[in-house]
Amino acid sequence: MLKYVFVFALLVTLASCNEEDFNAVLLKAENHQNLDGAGQFNHETSVSNGIQVKAQGNVNGIQGEYFLPGEDGKQIRVTYTADATGFHPKLDN
């Protein structure tokens, strides 16, 4: 399931690319796995164009958020959970 969440986040990121995004620089990429020996993980990525992705969870579920630059210059924040019942995004205005 984690694989699908990251693929979804990647597709959202690619769909919102413009000319400036091709020159964006990776600022932060952290990935910590098996933190407690029970499949816990923590992932964070930041890019110079304002895109940020954060996720944490375990084999039973994931919580996360991502930020995308909006057309008006303000960041769009999406929080989500993913578990056995599916992917549950929430758009924060």
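We did not get these values from a lab; they are worked out from the coordinates using the rules stated. Everything numeric in this text was worked out from a predicted model, so none of it was measured. FYI the Cβ positions are ideal-geometry reconstructions off the backbone, even for glycines, and counts take in every protein chain you see.
Which Rg and Dmax, in Å, describe the Cα atoms of the range 37-93?
12.9, 43
With a cut-off of at most 16 other beta carbons within 10 Å, and DSSP calling the residue loop, which trypsin sites (Lys or Arg not before Pro) in the range 30-93 qualify? Please list them.
Values: sites: 54, 74, 77, 90; in loops: 74.
Those that pass, being in a loop and sparsely packed, are 74.
What is the distance in Å between the Cα centroid of the range 72-93 and that of the range 38-58?
14
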